[in-house]
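I have placed the structure first, in the form of structure tokens, so that the comments after it can refer back to it.
Throughout, read-outs are computed from the coordinates displayed, never taken from laboratory work. No experiment lies behind these values; they were computed from the predicted model shown. Note that each Cβ is placed from the backbone with ideal geometry, even for glycine, and that neighbours are counted across all protein chains shown.
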Amino acid sequence: MIEIGGHVLTDMELLALAGGLVLLLFLILLIMALRAAGRTARATEPLVHQLATMSARVEHLSDGQQQLAGGLTHVSEAQAASQAGMIELMEKRLTDVSGKMQENLTGSAQRTAKSLGELQQRLAAIDKAQENITKLSGDVLSLQDILSNKQTRGAFGEIQLNDIVSKALPSDSYTTQATLSNGKRADLLIHLPNPPGPIVVDSKFPLEAYEALRNAQTQTELNEAGRMMRASVRTHIKAIAERYILEGETADGALMFLPSEAVYAELHANFPELVREGFAARVWIVSPTTCMATLNTMRAILKDARMREQAGAIRRELGLLFQDVERLSTRVENLDRHFGQAAKDISDIKISASKAGRRAKRLDNFDFEELAPEDPKVVPLGKAETQV
């Protein structure tokens, strides 16, 4: 672009100015040619030729000017379209960025709300656990109250024993609170077959002696607690042996059930002489775990005894089953003979049908004019051959 007198000339104006200058030059040359025409005709011809060439160039320059104007217009339109596309792209990018920011903000809000909800649930779970802990503390206190009383402690052991037995044995194989012939009532009487016979299980819980043993601080207290434990367990062993081992009525032994694994472990670890004294008195000390194992063994004994009781019925059923198998075998043989006879009959029928077919075919092919009377193959109609 060119600025003249404060006016900026555009490309189109420059092209128009150049065209005007060319036309002015053309006019000047034309005037000069006219002036020179009078001089000589010979000099006019080259001038005319130059003028024609100049005119052609001017026309070519005009065409180029139009092409340049079209190109500039195309460039201007392309630049405008590019600017519009750039603006549209920028707007689209801005919209995408705004949408993503909104989505991120929404997701962040949702995650925050979810985290707050989970936190609230966890707080509720903590509150519930706290309530359970409080309730458990009350239950522990209640259990301590129960165990501090001998009668309630005995009931606690009986309930635990009944729960274990009900899971291990059939309900008709034992009796709770069974009264023996001597008038003594046993916590549990298991009806085992002879031998060994019904066996008694009695629940005992030497809690005071065990707590004294656990709470002993000095050697004197420890020795006193050990003495209490030995005296308590020996008393229980003696009572069970005298009350629940009756010759001809019960088995020659009984079980003492300790509802605490800790007390059972303490006896075997630090008081093995008490365990041996129980064996000598035929009183076997069991804990919840060993009691379950013992009851499973008794369950196998009961199952074996019931199988022996049912042995006669099983033999009778086996005899009837053997008879049914023999009858089935006989009937299968009869059916096999029927099938064999039926197969033979069907084979004979096939043979007869085949012969009848061949005879019918020969009858169809007879030519009575060619058949000689003395032909030995002629079979009289009244003396047909009898065949199977």
Where in the range 190-208 is the amide nitrogen less than 17 Å from a point lying 7 Å along the Cα-to-Cβ axis of Ile159?
-> 203-205
The Kirkwood hydrodynamic radius of the range 60-137, taken as the inverse of the mean 1/r over all distinct Cα pairs, in Å, comes to 18.8
Evaluate the distance, in nm, between pseudo-label points positioned 7 Å from the Cα of Thr290 and of Ala18 along their respective Cα→Cβ axes.
-> 12.2
